[in-house]
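What follows is one structure encoded as structure tokens, with my remarks underneath.
The values are calculated or read from the model by the stated rules, or taken from the named source; none is laboratory data. Quick caveat: nothing in here was measured; it's all calculated off a predicted structure. These accessible areas exclude ligands, DNA and RNA; they are computed on the full protein's heavy atoms, side chains included. Shrake-Rupley method; radii C 1.70, N 1.55, O 1.52, S 1.80 Å.
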Amino acid sequence: MTCGTGDGDGGSGGRPRPEERPGDSRATFSPLLEDSAEDLYEHAPCGFLSTLLDGTIAKVNTTLLNWIGYARDDLVGRRTFSDLLTVGGRLYHETHFGPLLRMQGEISGIALELEAADGGRLPVLVTSTVKSGSDGRPILIRTTVFDARDRRAYESELLRARQQAEHEREELKRLNATLQQTLLPPALVSVPGLDVDAHYHIASPDKVGGDFYDLFPLAAGTWGLFLGDVCGKGAAAAAVTSLARYTLRAAAVYDPDPVAVLTNLNTVLNHEYNGDDPRFCTVVFGLLTPDAEHGGFRVTLAGGGHPPALLLRADGSVGHLDTPGGQLIGVLPDAYIATTTVHLEAGDTLLLHTDGLTEAHTAANSDDDRYGDEALLDFAQALAPTTASGAVAAIRDLLDTFGAGVEDDTAVLAISVPVPPPAGEARR
């Protein structure tokens, strides 16, 4: 829309003349215009003082005098600016403030403390400039002082809040570490004829992870083992982890068949977490039985959506020991459980792991460069043959190389059949 200028308004566009405007600005600002420069100086909302080049106070305003409780005659010609500072402030003024001011001609926003007449302290922010004469030679120093009590109180409160937050974070870390320990076995049981080892790598001390593992005795001559990963982190995941661990152990005592054990866990999780917040896990359960006839151990594994185990043979060969088709535990009322059986001979090692290892980033800030199953297979190939402790130690070192690239907790569990010493060494 276009606005016309109207007729006969002298080109003013119909706007009222200044003398016709309501609330004439001259009347509004009159009190300010009548304010004297001297009054503005004396009662400004900040402190002003002027000093000679040696620091002797030549002029000071009423605002600053009121703040520190001195009379004008106590300071002018009698005291220097640094005399008003605390001991630490005087030292800083002599070693930093003064030299910088002389070199630069100006210094601003320096936090200092003034010592009042009653001994109290006033935190201030100080800005000083050097005034020069017509010949360019410095003749005096002008200083502006701002009351920083509110700012100091704010900074102190901010520091207190930060310290409190750090304290609470450290306390949370301790609580998380304690809770995490309750979800893991204090020590793996000793299995005659087997070497066993495990490791739990925590990705973040601020959150409890959902990985778990265990190795425990069942009926005479058999042992159970499991390793799993609950979806999510934090207290909710910890609750599922605890439920899964104890359900697996109880179910294995009742019926150690691996399929029956995971079916039992699936029923429990599906029943408990089938509402608005469904929870599930991947898990592999194994039954260990010594092979009295051929030596070594017979291992039957049942898998529910878990990454495949690695089998490192004594002859140096390596392969995935997969349970194809095994479904996530807790999602469906009747999950399909896949099984596989393997015979471990002397020098063989079985390695189970959670996906925090294979999903780790191998390069900083990379969303695509995941470590992956094939890289882990190549890594295992370079290790074989090895022992349980050797495999776990190598995985620990590998995780350390990823640094912050390990975004999820990682659990590893390894079992191996030791190679018996030569007959001559055994007799010695």
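For the full complex of protein chains and a 1.4 angstrom probe, list Phe48, Phe216 by accessible area with the highest value first. It would help to have the intermediate numbers written out before the result.
On the way: Phe48 55, Phe216 5 Å².
Descending accessible area places them as Phe48, Phe216.
Counting C-alpha atoms alone, how compact is segment 59-137: give Rg to one decimal and Dmax as a whole number, in angstrom.
13.4, 42
How much accessible area per residue does segment 265-395 have, counting only protein heavy atoms and a probe of 1.4 Å, in square angstrom? Spell out each step's value before the answer.
Details: 5790 Å² over 131 residues.
Counting only protein heavy atoms, the per-residue value for segment 265-395 is 44 Å².
Pairs on different chains or at least eight residues apart, Cα atoms closer than 27 Å: how many lysine pairs in the chain fit? Mind showing how you got there, number by number?
Numbers: Lys59/Lys131; Lys173/Lys207; Lys173/Lys233; Lys207/Lys233.
Going through the chain pair by pair, I get 4.
List, in order, the whole-Hz ³J(HN,Hα) value for each residue of segment 409-419 obtained from phi through the Karplus relation with A = 6.51, B = -1.76, C = 1.60 and θ = phi - 60°; use x for Gly and Pro.
Coupling constants for segment 409-419: 4, 9, 10, 10, 9, 10, 10, 9, 9, x, 7 Hz.
Can you tell me the length gained on complete extension of the stretch Arg102 to Glu171, counting 0.36 nm per residue apart and subtracting the Cα distance? Can you show the working numbers first?
Numbers: separation 69, 0.36 × 69 = 24.84 nm, distance 4.99 nm.
Here the segment from Arg102 to Glu171 would lengthen by 19.9 nm.
Which residues' amide hydrogens lie under 5 Å from the amide hydrogen of Ala116, considering only partners 5 or more residues apart or on another chain, with H built in the peptide plane?
Answer set, sorted by chain and number: Arg121, Leu122.
If all Cα-Cα distances of the chain are sorted into 20 Å bins from 0 onward, what percent lands in each bin, rounded to whole numbers?
19, 28, 14, 22, 15, 2, 0
What part of the accessible area of segment 282-428, given as a whole %, is carbon or sulfur when the probe is 1.4 angstrom?
On the way: 3290 of 6650 Å².
Carbon and sulfur atoms account for 49 percent of the accessible area of segment 282-428.
In vacuum, with every alpha carbon of segment 271-428 counted as one equal point scatterer, what does the Debye formula give for log10 I(q)/I(0) at q = 0.08, 0.16, 0.18 Å⁻¹? Two decimals, please.
-0.29, -0.97, -1.14
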